[in-house]
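Student: Pasting a structure here, questions to come.
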Amino acid sequence: MLAILIAGVLEMGRGYSFAVATSDAARDAARYVAGKTSSTNGPGLAAMCSLVTSDLAAMTSNVSCPTQVNHAPPFVVGTDYTKPVAGQAVVAVYCGSSANCAGSITTLYQSEVDVYVYYGFSDLNILGGGITIQGSSRATTAW
């Protein structure tokens, strides 16, 4: 009984650690992609994906990004993004009034950027099997 309790506590700690990393990656990505100014087009989605991949390197190398969503959150699994399998991270992005986050279309002043990172956490079936950990962040364009 004590072994099951200890294993459960370790899994919850591991899940919490992954949740913090997922949330940090979403926050970094939103801040990065919202870095457009009136005179520059910003870094774009491919560069943002590289940032998320490096942020999550300690957790997984299986990062699927980005899926651009054409409406504000909440995002719907299966419709707006693919549910991550165990050990996979999926990134979904909404770029507000801009048609894309690469900046080829000028955004409106203080346009909203939402980044969601979903991670398929595989526990020891103590917590019920596969769980999706979600981290999200909202930022506004710099100008």
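What follows draws every value from the coordinates through simple rules; no lab data is involved. Since the model is a prediction, treat every value here as computed from it, not as a measurement. All Cβ positions, glycine included, derive from the backbone under ideal geometry; neighbour counts span all protein chains shown.
Student: Under the Karplus relation 6.51 cos²θ - 1.76 cosθ + 1.60, θ = phi - 60°, what is the ordered set of whole-Hz ³J(HN,Hα) values for region 74-81, x standing for Gly and Pro?
Tutor: Ordered by residue, 3J(HN,Hα) equals x, 8, 10, 5, x, 9, 9, 8 Hz.
Student: Then there's this: Pulled fully out, how much extra length does the chain show between Ala7 and Ala86, if you take 0.36 nm times their separation in residues and subtract their Cα-Cα distance?
Tutor: Values: separation 79, 0.36 × 79 = 28.44 nm, distance 1.89 nm.
Full extension of this stretch gives 26.6 nm more.
Student: Just grab the label-to-label distance for Ala72 and Ser23, each label 7 Å out from Cα along the Cβ direction, in nm (one decimal).
Tutor: 2.3 nm
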